[in-house]
Amino acid sequence: MSSSDYRRGRGVWRTVAAIFLNAVPLNYVWEVAQASLYAGMDDVSRMFWHCFAPSLGDGALALLIFFIGWAALRQRDWFTRPGVRGYALMLVTGLAIAVSVELVAVYTLGQWAYTERMPIVPGFGVGLAPVAQMIILPPIIFRATASWVAQSE
């Protein structure tokens, strides 16, 4: 393995770590903020702990968006200057992931349920808050990651 191959490989792992480390805290804050829209989240001490696990999953979903972008746009650093195609990819992929996860978790597996306060996305029957989360946070996560990676180089 040449030194440039090693640096490139190390750069990928640095990017993956940066995405995850940016995504988890941002998603944790979102999870806590929307917790009252889910059934069974009345106990505050339970809520803070219960929101941590989903934020780890959300970090993994941000990585999924990264890898989909890399494959679709054929550039490892596609998120540093995403342009219209990159932002469209984040939007469409985030929407597809959020709707899929919510449909399966709520209606197939019964992992969680909404309260009557959760606004529902017409036509999809899933909560607006988790869908908005996967549409709004990825551009913020990837912008923060681009800054972080640029500073470390």
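Taken together, the values in this text are just the output of simple stated rules run on the coordinates, not laboratory data. Computed from a predicted structure; not experimentally measured. As a convention, Cβ positions derive from the backbone with ideal geometry for all residues, glycine included, and neighbour counts pool all protein chains shown.
Need the full-extension length gain, GLN151 to VAL44, defined as separation in residues times 0.36 nm minus the C-alpha distance. One decimal, nm.
34.8 nm
Based on alpha-carbon centroids, what's the gap between region 12-69 and region 129-153 in Å, whole number please?
Using only Cα atoms, the two centres lie 12 Å from each other.
Go ahead and set up a Gaussian network model of the chain, Cα springs under 10 Å, then flag whichever of LEU26, LEU109, LEU37 fluctuates most.
The residue that fluctuates most here is LEU109.
Could you compute Rg(Cα) / (2.2 N^0.38 Å) for region 3-152, with N its residue count?
1.11
Order these by the 10 Å Cβ neighbour count, fewest first: ILE141, ILE68.
Starting with the residue having the fewest Cβ neighbours, the order is ILE68, ILE141.
Using the Cα atoms as the points, what is the convex hull volume per residue of region 88-144 in Å³?
Cα convex hull per residue, to the nearest whole number: 85 Å³.
At a threshold of 8 angstrom on Cα-Cα distance, excluding pairs fewer than six apart, so keeping six or more, what relative contact order does the chain reach in percent?
With pairs under 8 Å counted, the relative contact order is 31 percent.
At most 15 other Cβ atoms within 10 Å and a DSSP loop assignment: could you name the trypsin sites (Lys or Arg not before Pro) in region 62-145 that fit?
Here the trypsin sites (Lys or Arg not before Pro) that fit, given the DSSP loop and packing criteria, are ARG74, ARG76, ARG117.
Net charge around GLY57, counting only other residues with Cβ within less than 15 Å of its Cβ (Lys, Arg = +1; Asp, Glu = -1)?
-3
Less than 11 Å Cβ to Cβ from THR145, Lys/Arg counted +1 and Asp/Glu -1: what total charge do the surrounding residues give?
Net charge in that neighbourhood comes out at +1.
With each pseudo-label sitting 7 Å past Cα toward Cβ, what's the GLN111-THR80 distance in nm, one decimal?
3.4
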